[in-house]
1. If you go through segment 117-139, how many residues are part of a loop (DSSP other than H, G, I, E, B) and under 33 Å from the mean Cα position of the chain (by Cα)?
2. Mind checking which residues of segment 558-595 are touching an Asp or Glu at 6+ places or on another chain (Cβ under 7 Å) and crowded, with 23+ Cβ neighbours inside 10 Å?
3. Identify all residues within segment 738-793 that are within 34 Å of the chain's Cα centre (by Cα), modelled with pLDDT of 75 or more and in a loop (DSSP other than H, G, I, E, B); write none if there are none.
4. Do you know which residues across segment 535-567 are within 22 Å of Trp507 (Cβ to Cβ) and part of a helix (DSSP H, G or I)?
5. In segment 196-208, how many residues are surrounded by 12 or more Cβ atoms within 10 Å (Cβ to Cβ) and more than 12 Å from Gly254 (Cα to Cα)?
6. How many residues are of a type in the set (A, V, I, L, M), under 24 Å from the mean Cα position of the chain (by Cα) and loosely packed, with under 13 Cβ neighbours inside 10 Å when one looks only at segment 214-233?
7. Condition test on Val297, is it touching a residue at least 40 places away in the same chain (Cβ under 8 Å) and either assigned to a helix (DSSP H, G or I) or farther than 19 Å from Thr155 by Cα (or both)?
8. Of these, Phe191, Phe126, which one is aromatic (Phe, Trp, Tyr) and either touching a strand residue (DSSP E or B) at 6+ places or on another chain (Cβ under 6 Å) or buried (at least 20 other Cβ atoms within 10 Å of the Cβ) (or both)?
Amino acid sequence: MLGSLLPDRPFSDPVLVFALVTLIIFVGPIVFQRLRIPGLVGLIVFGALLGPSAAGFLERDATMILLGTVGLLYLMFYAGLSLNLAEFNRVRGRSITFGFLSFIIPQLLAVWVGTQYLEYTLTTSFLLGSIVGSHTLLAFPVARRLGITDNPSITMAIGGTMVTDILSLTVLALVVASLGGDFGPVFLLVFAGGVGVFVAALFLGVPPLGTMFFRAVRKQPTAEYSFLLVVLFVSAYTAQVVGLAPIIGAFLAGLVLNRLVPESGALMNRVQFVGDALLIPFFLISVGLLVDFRVLVESLDVWMAAGVFTGLVLTGKFLAAMLVKLVFRQSWSEGWSNFGLTVPQAAATLAVTLVGFEMELFNDAMVNGVIIMILVTCFLGPWLVEHFGRKVALADEAKPFDGSRMPERILIPLANPATADALVGIALMIRAPRGEQPLLPLWVAVEDGPEVEARVVEGEKMLTHAVLAAAAADVPVRPITRVDRNIASGIRRAMVEELASTVVIGWTGKAGPQARIFGTVLDQLLEVVHQAIWVCRLEQPMNVTERVVLMVPPFAEREFGFLPALTDIKALATQVGAELVVLCRRASRDSLEARMQEAERELPTSFVELDRWGDVVSTVGELRQEHDLLLLLSARRGTVAWQSGLNALPKALAAAFPDPNLIIVFPFRREVEQILAAGASGAAGPAVSVLPDSRERTLGRQEQEGGRPAEVRLELPEGDFPAALDPLLEPLIPDSEEIRLRVREVMEENNQDYSHQVWPGAMLLDAHCAGLTSTQVAVGISRDGVRFPDVAHPVHLLVLLLNPAEVEPAEHVRKLARLANLIRRERDLDRYHSIRLLD
């Protein structure tokens with residue numbers, strides 16, 4: 001009776017089948033990640049265990065084949081869409097070289113082993129070489145999760161996939177044609193012509209069509225995603241019609257749409273989510289369903305074939321990866337990661353194997369040997385990328401830190417619902433891809449204006465919309481509301497309290513006759529804020545941008561804030577897949593180009609030289625194209641690059657070019673640079689005065705009291721609270737480790753009793769104990785933040801006050817209060833440029 005209630009195997013009920021598959025997608029990765037095996041492998045294993053040759057709950061029927069094919073095409077599309085085109089263009093030659101070597105070495109090995117040792121015909125050996133020479137980007141999701149897809153070596157391997165698969169499927173087409181009697185000049189001409197027409201139509205037709213679509217359809221996420229799917233599957237089918245494999249069409253579709261889908265945008269997040277959560281797992285499960293355990297047990301020939309095929313793949317791919325590593329001087333971790341990316345066999349491998357079986361070139365043992373080889377390589381590839389990719393990621397993070405960069409916190413003041421999404425989009429594009437800091441959308445209501453409460457409610461609605469826009473891109477966001485005496489003051493106060501490093505703010509493109517540059521609010525903001533400011537007039541969707549026309553005034557490259565500003569500009573151009581056109585004075589070309597090479601990102605760049613900087617507007621008019629983004633790297637009064645003409649230039653550009661997007665970038669001021677530049681070495685600074693004379697003539701008048709000026713550590717090590725004390729205490733108490741330990745114990749004990757946080761991000765610790773000879777102060781700055789127990793915010797400013805036991809408790813508390821009040825009054829970290837060297 002009970003048996004009759006259980007469904008027959010394999011399951012035929014579509015609801016039950018889908019429920020079981022989703023259970024595999026949920027459980028498989030979790031189980032295998034706990035075993036320190038990539039979760040992708042778990043999907044393949046569970047597919048095999050529940051497949052027709054084991055438990056028999058699932059079968060590889062038409063539905064599973066359909067879903068698996070869709071998942072495979074989606075995986076290739078996703079890889080093309082995620083490829084860093086700027087980096088790929090830079091390493092395009094390397095990608096072609098690597099792809100060719102990664103195919104030809106296994107191909108030659110297969111022909112040699114097949115004809116000399118396995119007694120295969122030359123045709124069968126060529127087809128075997130086509131199998132072992134291809135590869136599938138099965139481990140791509142692992143590389144993306146580790147954040148290494150922008151690494152030049154990894155980009156080279158991803159780009160090489162297209163080369164190997166094209167070569168593999170070309171060999172297949174030639175073999176099939178030769179066996180069918182169609183091989184000859186006519187076949188080659190038709191094949192090459194069909195492929196050429198397909199590629200030309202794809203690369204010349206789809207980008208303009210996509211640009212028109214995204215300009216016409218705004219804020220319709222469903223329509224945008226559907227457009228991508230249409231291009232994906234139409235391209236895949238058309239590729240099949242002209243004789244290529246659908247996976248090639250899917251990959252090329254991702255490439256042509258790459259520029260229109262910014263990596264940090266909400267649309268890319270939707271593509272990634274659907275692929276990782278559903279479609280790609282279907283493909284992996286379908287691969288597992290191919291495993292036939294019965295044949296594995298019954299036939300020794302299967303294992304012999306599997307061993308030979310696997311050996312050919314591993315040997316060929318390893319030799320190619322290591323040869324390229326030596327030629328292009330890659331690290332061992334990059335070489336092994338490339339090996340892991342090119343080892344997995346699935347897509348083209350299955351296509352070639354099934355064709356060979358249908359043409360009776362492969363027998364059952366060979367087919368099942370290929371399946372075992374696929375299973376082994378699908379295990380090994382993700383594991384290699386997981387293991388060595390972590391080392392690549394750590395090496396990338398360990399590169400010299402740009403001393404001009406503070407923890408990246410982007411503040412986005414909002415005022416117009418029509419531009420809120422666009423401003424959030426700009427912030428997403430310049431934000432570090434793996435940054436942990438949230439975006440900070442801000443609404444400021446003027447306190448003495450009418451209906452303040454109504455304005456606050458209106459602001460909350462706009463902030464809610466901004467939160468949803470950022471959340472759709474899977475980026476943390478913390479909305480802020482302020483009521484202040486004016487807008488500029490509210491923005492500045494928010495920046496101080498949140499330690500923001502960059503402001504992204506909108507501009508209508510119009511300024512009144514009394515405006516100095518932009519208008520009242522922005523002009524005031526430029527006066528009181530030292531951090532970088534991006535002023536944006538946005539008229540078109542950013543993803544239709546084809547070129548970024550960057551105007552660089554004379555001496556801008558000598559500003560300390562030039563490199564971080566240029567890095568963000570390059571990040572923006574990379575996100576939209578645009579080339580960079582730089583307008584500069586002829587005399588500045590060499591020094592500017594040398595400085596630009598120091599920026600973190602690489603992308604195609606051309607220069608237009610000006611004899612006179614005053615000709616910049618007319619030159620832009622001559623070379624401007626329809627989908628250009630105009631970007632001016634400006635400067636503020638008192639900086640090296642400032643000149644009076646820069647004040648009028650934004651209005652002139654806005655009036656002369658009303659249609660294109662226009663952004664004016666102001667790098668942070670020199671005052672901020674001083675503290676950050678000194679901190680680049682991470683060494684303790686010499687004696688300093690904590691605050692300028694207008695505030696306090698040296699804290700506590702230490703010189704008069706027998707004390708000494710404060711010590712400063714401008715780059716504390718990242719970590720927990722106790723470890724951050726040592727670099728501050730050592731220069732204060734250099735001769736007695738015992739006293740240092742005693743002071744540290746007192747501070748740790750005091751910190752357990754109550755919070756020493758002065759404001760979020762700033763901590764004041766004190767010690768009043770024996771062994772000290774004078775009142776001393778130490779100031780430490782940490783860009784990454786020191787972690788304190790039971791404190792929500794990482795601490796970026798750490799101040800220590802040490803007093804001898806002989807100092808009366810009341811005097812100790814008085815000094816502590818004075819120092820706390822000084823820190824509270826200076827709640828903007830940038831104001832600590834006041835820490836100045838003594839003469």
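The values are calculated or read from the model by the stated rules, or taken from the named source; none is laboratory data. Quick caveat, the model's predicted, so the values are computed rather than measured. All Cβ positions, glycine included, derive from the backbone under ideal geometry; neighbour counts span all protein chains shown. All accessible areas refer to the heavy atoms of the entire protein, side chains included, with ligands and DNA or RNA removed. Shrake-Rupley method; radii C 1.70, N 1.55, O 1.52, S 1.80 Å.
1. Going through segment 117-139 one residue at a time, the tally reaches 6.
2. Gly561, Pro564, Gln575, Ala578, Cys584
3. Passing the criteria: only Phe788.
4. Met542, Asn543, Val544, Ala556, Pro564, Ala565, Leu566, listed by residue number.
5. Adding up the residues that qualify gives 4.
6. 0
7. Here the answer is no, as Val297 does not meet what is asked.
8. Phe126
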